[in-house]
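A.B. asks: I'd like to ask some things about the structure below.
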Amino acid sequence: DEHGIAGFVARRNPAHDTTDGSTREGTSGATGGVDRHGPKYLNSSDTPVYRKGNHLYGMTDVAQALAAGGVPVLVEGPIDAIAVTLAGDGRYVGVATLGTALTETQADLLTPHLTPRSSAPGSGAVVGTDPDPAGRKAAARAYWLLAARGGAPAQLQLPDGLDPAALYTRDPDRLRRHLEQPTDLAAALVEDVLAAWAPRLADPNDVAGRVGAARDAIAVLAAVPPLAVLEPATRLAQTLDLMPSTIYADLADAVHTWNLDPRAEARRRVQTSTTTGIAAGRDTGRAVSAAVGPRPAAVPGAEAPRLEPPPPPPPGARGGRIPAARR
């Protein structure tokens, strides 16, 4: 009738959650079992009067705090958003995507509250998706959409198996500490890129593998605020054992492409990304660094080479050199 429900969202009873993603009855989709308790969040489909991709849960409730300088924390579910707002003490406020991956319209709602790109990462929005594969993939999408709108999004680092609501239930002060110490989302995405290329990077003769990893990582760094990009670019060169001048030259090209149309480039990155989100491990960088070979020496006065895959070496030849300079 005319008084029917316009939209519906509900969370599974937290009593059925466990820290490893299984239910209290011992069944879990993560381990191949059947979850008798259904999805974690259940959302109604779009209706003529309600399109969930056009709204962020909590935006109206936290409008005053946002106007006073509160930092928006993007989470997956309404209960997570409430937990963040309660723990954030006005400095951090939760908003939720209502069961969808972040949409362009939802990103536009956050745009007025994003810090300009001239600032350091983490001073704008914080992405607090769940620490699971789906949550990491959602965080990667949020990075591109928010960076394209001038933000420098950070990451809310959550303990494995706990979303913000579960962490607040167990220890509100711990959630508050995590909110006050967000980590670098761009750096996490670079780690994920290197993890995806790790099998190729393990071969010291696979120069094309180094090139591919560098290019994918440079694409992430191109969206980093200008005053904050030099350090991660230098660290990338050290991790891949490439000359810093090579990384800087291609980064300049990537930044130029990004600045021409950030939103179009972000959409392209979301659509074509070969990564699955944030790397789960903490030692990705060290593992990759240990796998690659020695760094070639720079030639004084030489033009900075670009990252171009070289032709395959002849049989018996030794690899490990960077690509030749582009002429």
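The values are calculated or read from the model by the stated rules, or taken from the named source; none is laboratory data. Nothing here was measured: the structure is a model prediction, and the numbers come from that model. Using ideal geometry, Cβ is built from the backbone for each residue, glycine included, and neighbour counts are taken over all protein chains shown.
A.B. asks: Would you be able to tell me the number of residues in segment 60-81 that are aliphatic (A, V, I, L, M) and within 22 Å of the chain's Cα centre (by Cα)?
C.D. replies: 6
A.B. asks: Would you please list the contacts, defined by Cβ atoms under 8 Å and residues six or more apart or on different chains, that run from a residue in segment 71-97 that is on the phi > 0 side of the Ramachandran plot to a residue that is surrounded by fewer than 24 Cβ atoms within 10 Å (Cβ to Cβ)?
C.D. replies: These pairs meet every condition: Asp89/Arg176; Gly90/Ala65; Gly90/Ala68; Gly90/Gly70.
Rundown of residues vs (1) in contact (Cβ under 8 Å) with a residue 60 or more places away in the chain; (2) within 29 Å of Ala264 (Cβ to Cβ); (3) part of a helix (DSSP H, G or I), yes/no style:
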position: Gly124; (1), (2), (3): no, yes, no
position: Tyr143; (1), (2), (3): yes, yes, yes
position: Gly161; (1), (2), (3): yes, no, no
position: Ala165; (1), (2), (3): yes, no, yes
position: Arg174; (1), (2), (3): no, no, yes
position: Glu191; (1), (2), (3): yes, yes, yes
position: Gly209; (1), (2), (3): no, yes, yes
position: Ala214; (1), (2), (3): yes, yes, yes
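A.B. asks: Name the residue, out of Asp108, Asp163, Asp171, that is acidic (Asp, Glu), over 11 Å from the mean Cα position of the chain (by Cα), over 22 Å from Pro244 (Cβ atoms) and buried (at least 21 other Cβ atoms within 10 Å of the Cβ).
C.D. replies: Asp163
A.B. asks: Within segment 57-112, which helices (runs of 4 or more DSSP H) (wholly inside it) include 1 or more residues that are among the polar types (S, T, N, Q), modelled with pLDDT of 95 or more and within 24 Å of Ala148 (Cα to Cα)?
C.D. replies: 104-110
A.B. asks: Quick one: is Thr60 of a type in the set (S, T, N, Q), free of Cβ contacts under 8 Å to residues at least 12 places away in the same chain and over 21 Å from Arg177 (Cβ atoms)?
C.D. replies: Answer is yes for this residue.
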